[in-house]
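Let me begin by presenting the structure, written as structure tokens, before commenting on it.
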Amino acid sequence: MSSTAVYLNELGVVCALGSGRAQVRAGLFADQPGGLRDNDSMIPGRTLALGEVADPLPDLSALPVALRGRNNALLESALQQIRPAVDAAIARYGAERVAVIIGTSTSGIGESEHALRMQADEGRWPTDFHYAQQEMGTSARFVRTRIGSSGPAWTLSTACSSSAKALMSAARLLRAGIVDAVVAGGADSLCRFTVAGFSALESVSAARCNPFSRHRNGINIGEGAALFLMTREPGPVRLSGWGESSDAHHMSAPDPQASGAIDAMQQALRRAGLEPAQIDYVNLHGTATGHNDAMESLAVAAVLGTQVPASSTKPLTGHTLGASGAIEAALCWMTLADNPEQRLPAHWWDGHADEALPALALVAPGTRAAQPPQHVLSHSFAFGGSNAVLALARR
């Protein structure tokens, strides 16, 4: 089974651009950048541009307390969009042949923050709080409970590569013949912990982030979820390859020589059976931090050259941390399969290139590909040197 093709058959997504494929696609290919909104509630006395989901989320109050929380509400929003296909897969294959793999980094930390404030202020815990809400495993447990599957289920938490690795793990299960379908993806929700943490690293921009500019000064934190139904049955988009590495250069800074990123990119190309010239577009990790953009531009130039169209979509969604790999794979999915105008995701920035970096072919707003894109890469480079690259192909 090791050479069996794996497909991303169905997609559910919610992020700062909207809920569902139609809204997110419209925001992705819009003529002006949207998504981010000013928020003054996370850091006292400071207003930040954040990728907050504005649409109402599903009500989870009828579920056990341990399964409630914003992270799981985001997952439920994405799940509802693909639920008919998931139910059909369970009916076809059996509950034990459907797996769940989710990537996250925050889980229910936001609920814990609220509970701790109440405990400090009032000396009691909220009635709608349970310690299990903040456990990393809650994300997969939630989805598994909601769909009624009994196959393998686990949560991955490797910082910003988490949900990209969830898709890789799903592919391995399918190629090994262990299951017949996987609900795979990721979710992360805004909370003070992550915003304060990145602020302490002096890595947060108050305005919309500015990736690869000489004026870049940090990220925008975002939230959202994306879930795919993955099977061996042909679908609109194929997960043709992937690569992952762990260079362990530093706790938070990437290897300036880009050795781990280069390795992951080369692995993805080899597994997909592609030459660099066959890549039509790259969704960059593109955090707009000094070190990441320098490392990533070096990696792209070394592996693909400087002519492949590339963009960071984080100025639209914010950096959704553990969900970013899945959400950006979703944006690539739309670029390949839901894109009759053959548009490429724009790179929104001030246009002032950093002359110290290789000059990448950053996609100008309104750019259309000469031919329908066939092969794209999506990068996720995380703390600790956890690097993940997905190769996606148009069916």
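Provide the packing ranking of 216-226, 285-295, i.e. peptides ordered by the mean count of other C-beta atoms within 10 Å per residue, highest first.
216-226, 285-295
Short version: what are the Cα gyration tensor semi-axes of segment 58-137, square root of 5 times each eigenvalue, largest first, in whole Å?
Whole-Å semi-axes of the equivalent ellipsoid: 31, 12, 11.
Over segment 236-395, average the accessible area per residue using a 1.4 Å probe and give it in Å², no decimals.
Per-residue accessible area for segment 236-395 comes out at 34 Å².
Expressed as a whole percentage, what fraction of the accessible surface of segment 147-262 belongs to carbon and sulfur atoms when a 1.4 Å probe is rolled over the protein heavy atoms?
Answer for segment 147-262 is 55 percent, counting heavy atoms of protein chains only.
Based on the alpha carbon coordinates of segment 236-337, what radius of gyration and maximum Cα-Cα distance (Dmax) apply, in Å?
In order Rg, Dmax, the Cα atoms of segment 236-337 give 13.4, 38 Å.
Looking at the chain only, what percent of DSSP beta bridges run antiparallel? Nearest 5 please.
Here the share of antiparallel DSSP bridges comes out near 65 percent.
In the full protein assembly as shown, how much of Asp338 is accessible to a 1.4 Å probe, in Å² to the nearest 10?
Surface accessible to solvent at Asp338 totals approximately 40 Å².
Quick check for you: with a 1.4 Å probe and neighbouring chains kept, what is the accessible area per residue of segment 45-172, in Å²?
Value returned for segment 45-172: 42 Å² of accessible area per residue.
Can you run the Rg to Rh ratio on segment 129-235? Use alpha carbon positions and the Kirkwood inverse-distance Rh.
Reported Rg/Rh, Kirkwood definition of Rh: 1.06.
Can you give the Kirkwood hydrodynamic radius for segment 1-146, in Å, rounded to one decimal and based on Cα pairs?
17.7 Å
When a/c is below 1.5 the answer is rounded, else prolate if a/b is larger than b/c, else oblate, so apply that to the chain with a ≥ b ≥ c taken from the square roots of the Cα gyration tensor eigenvalues.
Note, shape of the chain comes out oblate.
So what's segment 36-93 giving for Rg/Rh, alpha carbon basis, Kirkwood Rh from the mean inverse pair distance?
Result: Rg/Rh = 1.16.
The values are calculated or read from the model by the stated rules, or taken from the named source; none is laboratory data. Computed from a predicted model, the values in this text were never measured in an experiment. Quick reminder, even Gly has a Cβ in these numbers, built from the backbone with ideal geometry, and neighbours come from all protein chains shown. The protein model used for the area step is the full one, side chains on, heavy atoms only, and it has no ligands, DNA or RNA in it. Shrake-Rupley method; radii C 1.70, N 1.55, O 1.52, S 1.80 Å.
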